[in-house]
Structures are given as C-alpha cells and as structure tokens.
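Have a look at the structure below before the remarks.
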Amino acid sequence: MRTADTATTATTATTATVQTTLRAEGFSCPSCVAKIEKRLHALPGVERATVHFASARVEVTHDPSVVTADALADAVTAAGYPAVVA
Ligand SMILES: [Cu+2]
C-alpha cells in the first residue's frame, strides 16, 4: 500500500540539506572558481558547492543547522569575492 507521506523531493537525504544560491563578485579566471569551491567544501555542513563562472553564481548544498546561508556568503567574501545570498 502506498502512503501519502513520502517526501516528493527526497533523494538521498539523511541530513536536512537545502540548496542556497549566492551571487559573488570579483571572479576573473577559472582558478577563482576552484578557490571558492575549496573554501566552501572546507566548511562543516557543506555537502556540495558549485561555482558558475559565467553567471557569477555559487550553488551550495548545505545543512542549515550546521552552516547558515549567511555564513556561506561570509566565507566567500572572506576569500576575496564579495558575496550575498541571491
Ligand atoms: Cu582567478
């Protein structure tokens, strides 16, 4: 019997991760992308971080109870790329 309480968007969720998009400034080359991704991956609670060079957007999958969207923006800003939550 099928039940109605199965989460429609459930994938491999063992933790309550959400996806946050940041808008950042100051990218000038692909090595900036690697630097930002590395910085974000180093934070506890970050599951995935993808920088889109052409659109200056950063998509981060994270557990908001461990690291907030604002903390992600702060980390990117601290790396030298002023960032805000989009
Ligand atoms: Cu660069």
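The values are calculated or read from the model by the stated rules, or taken from the named source; none is laboratory data. Source: prediction; values computed, not measured. Here the Cβ is made from the backbone with ideal geometry for all residues, glycine too, and neighbour counts use every protein chain on show.
What to note about this one:
- Within the stretch 1-34, restricting attention to residues that are closer than 16 Å to T68 by Cα and assigned to a loop (DSSP other than H, G, I, E, B), the residue that is modelled with the highest pLDDT is T17.
- Scanning the stretch 12-42 for residues that are away from the ligand (no atom under 14 Å from the Cβ) and either acidic (D, E) or buried (at least 16 other Cβ atoms within 10 Å of the Cβ) (or both) turns up T17, T20, L22, L40.
- Candidates V85, V46: the one that is crowded, with 17+ Cβ neighbours inside 10 Å and β-branched (V, I, T) is V46.
- Scan of the stretch 45-56 for residues that are more than 16 Å from the ligand (Cβ to nearest atom) and either within 15 Å of D70 (Cβ to Cβ) or in contact with a Lys or Arg (Cβ under 7 Å, 6 or more places away or on another chain) (or both), ordered by number: G45, V46
- The set of residues from the stretch 35-86 being hydroxyl-bearing (S, T, Y) and either closer than 14 Å to L22 by Cα or not in a loop (DSSP other than H, G, I, E, B) (or both) comprises T50, S55, T61, T68, T77, Y81.
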